[in-house]
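The structure appears right after this line, and notes come after that.
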Amino acid sequence: MKTKILVIEDDNSISELICMNLEAAGYEAFPILDGLEAERFLKALNGNDISLALVDVMLPGKDGFALMEDLQRVSIPVIYLTAKGDVLSKVQGLKSGAEDYIVKPFEVLELLVRIEKVLERTGKSRVAIQIKDVVINLKEHSVTKSGEKISLKPMEFELLVTLASGKNIAFSREELLKRIWGTDYVGETRTVDVHIGQLRKKLGFHDVIRTISKTGYRLEDLE
């Protein structure tokens, strides 16, 4: 079952872009374009299978800050997405109970990383990610292919999870080095290439993990 995320954003083009990237990354997105519409949706919510809400602050009808009470009532964590980058707005958003506060414009990769961190912190993170016949169990740190366990080294596993969490998004070698090996790593980007080669071989992912010319790599899962 996919992790469900509300996207409460009144700019239709921004909403569509966010939803498209969430869907590409393996989430299920529910766009809402108006604050009052969001309020009605939350009041009518039967049960709570929504894991997170991305909320614009400046919404028509009812602003994002005012929606916090409705979201907290149904225990949905919030990340504010807003053009209001002043310190007072950030403080207000975080003090009201938001898990994070991202100022527009932002990079899609940054948004996906922050989403993953909030889901982990709030206990709503995905248990597993599936790509074709490969299942990545995030809690058990295990990988199976067609039901058979595949042995991966720690860095291979972290690299696979990073690529799979940002499905269909290109990562530069430098970004992968920084995220997996850390900012203090002094080796070459060749390290990433070697680990990618091992993942392709062990998982049969030669056509799944694509090399992006002059950039890095992208894990493609268009099913």
How many residues, within the range 166-176, are surrounded by fewer than 19 Cβ atoms within 10 Å (Cβ to Cβ) and in a helix (DSSP H, G or I)? 3
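Being acidic (Asp, Glu) and open to solvent by 80 Å² or more (accessible area, probe 1.4 Å) is the filter here; which residues of the range 131-149 pass it? Show your work before the answer.
To start, the set of residues in the range 131-149 that are acidic (Asp, Glu) comprises 133, 140, 148.
If the condition is that a residue be acidic (Asp, Glu) and open to solvent by 80 Å² or more (accessible area, probe 1.4 Å), then 140, 148 are the ones that fit.
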Just one of (1) touching a residue at least 40 places away in the same chain (Cβ under 8 Å); (2) touching an Asp or Glu at 6+ places or on another chain (Cβ under 7 Å) trips up residue 116, so point out which. (2)
Would you please list the contacts, defined by Cβ atoms under 9 Å and residues six or more apart or on different chains, that run from a residue in the range 194-223 that is within 17 Å of residue 174 (Cα to Cα) and part of a loop (DSSP other than H, G, I, E, B) to a residue that is charged (D, E, K, R) and modelled with pLDDT under 95? 215/173
Exactly one of 163, 119, 159, 152 is surrounded by 19 or more Cβ atoms within 10 Å (Cβ to Cβ), under 20 Å from residue 100 (Cβ atoms) and not charged (D, E, K, R), and that residue is 119
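Which of the following residues is free of Cβ contacts under 8 Å to residues at least 60 places away in the same chain and open to solvent by less than 10 Å² (accessible area, probe 1.4 Å): 53, 66?
Values: 66 fails: open to solvent by less than 10 Å² (accessible area, probe 1.4 Å).
Within the list 53, 66, the selection yields 53.
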Could you please let me know if residue 198 is more than 22 Å from the chain's Cα centre (by Cα) and either surrounded by 12 or more Cβ atoms within 10 Å (Cβ to Cβ) or modelled with pLDDT of 95 or more (or both)? yes
Between residues in the range 37-48 that are closer than 15 Å to residue 69 by Cα and residues that are open to solvent by less than 70 Å² (accessible area, probe 1.4 Å) and in a helix (DSSP H, G or I), which pairs lie under 8 Å by C-beta distance while being six or more apart or on different chains? 38/67; 38/70; 39/67; 39/70; 42/67; 42/70; 42/71; 43/70
Mind checking which pairs have a first residue in the range 161-181 that is at positive phi and of a type outside the set (A, V, I, L, M) and a second that is open to solvent by 20 Å² or more (accessible area, probe 1.4 Å) and part of a helix (DSSP H, G or I), Cβ under 8 Å, 6 or more apart or different chains? 168/24
Going through the range 88-121 in order, the residues found to be within 18 Å of residue 26 (Cβ to Cβ) and either in contact with a strand residue (DSSP E or B) (Cβ under 9 Å, 6 or more places away or on another chain) or in a strand (DSSP E or B) (or both) are 109, 110, 111, 114, 115, 117, 118, 119
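If we scan the range 86-104, do we find a residue that is under 24 Å from residue 212 (Cβ atoms) and open to solvent by 40 Å² or more (accessible area, probe 1.4 Å)?
No, the conditions are met nowhere in the range 86-104.
The values are calculated or read from the model by the stated rules, or taken from the named source; none is laboratory data. Keep in mind the model is a prediction, meaning the values are calculated, not measured. Here Cβ is always computed from backbone atoms with ideal geometry, including for glycine, and neighbour counts include all displayed protein chains. For accessibility, only protein heavy atoms count, side chains too; no ligands or nucleic acids. Shrake-Rupley method; radii C 1.70, N 1.55, O 1.52, S 1.80 Å.
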